[in-house]
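Encoded as structure tokens, the structure appears first; notes follow it.
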Amino acid sequence: MQLPRVVIAAVFFVIGALIAIPALINGTSGESSASTSATTSGSPSPSESPSPSGTSATPAAPVTASIGSQVSCPARTVQVTVRNTGKRTEDFGIEKNDDTAAIPGEIPANSTRTVAVKLREDRTTRVTVNWANKRIGSATVKANCEKAGAAPAPTKTPPEELPNTGPDTVLWARGATGAAIILTGAIIFWYGGIWPRRREQVFKK
């Protein structure tokens, strides 16, 4: 057995193992972690577990507010909806961080009221709804009505199908590359064993 062919084959084996084994380990570990997460996702979290009997929950506020995200152009207004589920008329206020006065309001019992709040152009505005000295709603909205009137820029149509370049493809490619290198080392080791015998037949004195 010649030492050079053994060394060359061993180098190919080591390189192939260094490429193939980590790829196979990563693939199996990814599948095991996915199965573990799928198993544990069905169990309820401590925050979702029912509260012990006898404990009282905090009552919900009778007045709630929601601020729309769509700005109406060209008026530059956003809709603020206030709901009162209580049994009496309540007062509320709408404030903006644009140095303007607060907008007072009143809502009867078991009713809903919508207020159009005007915004400044091309600048973000913080809209806050207060009730009983408490903040019950807040959002940051920006009006771009002047830019909305311009023609939209043409957009490129994305391709219907994209090539699959996920981690699974990379792992399988590394595993196949490592296996090919190991196979090359095996061929070199086998061919190196039969080459000296063929040499005597080819190169005759």
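In the stretch 122-131, which residues are modelled with pLDDT under 90 and on the phi < 0 side of the Ramachandran plot? Quick ask: steps written out before the conclusion?
Start the filter on the stretch 122-131 by keeping residues that are modelled with pLDDT under 90, which leaves 122-123.
Hit for the stretch 122-131 is 123, nothing else.
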Could you list, in sequence order, the residues of the stretch 73-103 that are closer than 19 Å to residue 126 by Cβ and touching an Asp or Glu at 6+ places or on another chain (Cβ under 7 Å)? 76, 102
On the given criteria, is residue 140 among the β-branched types (Val, Ile, Thr), without any contact (Cβ under 8 Å) to a residue 40 or more places away in the chain and either surrounded by fewer than 16 Cβ atoms within 10 Å (Cβ to Cβ) or not in a strand (DSSP E or B) (or both)? yes
Please determine, by comparing only the residues of the stretch 38-69 that are among the polar types (S, T, N, Q) and modelled with pLDDT of 90 or more, which one is nearest to residue 128 (Cα to Cα). 66
Among the residues of the stretch 85-96, write down those that are surrounded by 18 or more Cβ atoms within 10 Å (Cβ to Cβ) and either touching a Lys or Arg at 6+ places or on another chain (Cβ under 8 Å) or outside any strand (DSSP E or B) (or both). 96
Enumeration of residues in the stretch 72-82 that are of a type in the set (A, V, I, L, M) and farther than 10 Å from residue 116 by Cα: 82
The stretch 100-137: number of residues that are free of Cβ contacts under 8 Å to residues at least 40 places away in the same chain, among the acidic types (Asp, Glu) and either assigned to a strand (DSSP E or B) or surrounded by 17 or more Cβ atoms within 10 Å (Cβ to Cβ) (or both): 1
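Yes/no per residue for (1) closer than 18 Å to residue 60 by Cα; (2) within 32 Å of the chain's Cα centre (by Cα):
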{"residue": "81", "(1), (2)": "yes, yes"}
{"residue": "85", "(1), (2)": "yes, no"}
{"residue": "95", "(1), (2)": "no, no"}
{"residue": "110", "(1), (2)": "yes, no"}
{"residue": "114", "(1), (2)": "no, no"}
{"residue": "123", "(1), (2)": "no, yes"}
{"residue": "127", "(1), (2)": "no, yes"}
{"residue": "133", "(1), (2)": "yes, no"}
Exactly one condition in (1) at pLDDT below 90; (2) over 30 Å from residue 74 (Cα atoms) is false for residue 134; which is it? (1)
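The values are calculated or read from the model by the stated rules, or taken from the named source; none is laboratory data. Remember, it's a predicted structure, so these values are computed and weren't measured experimentally. Counting neighbours? That spans all protein chains shown, and the Cβs are built from the backbone with ideal geometry, glycine included.
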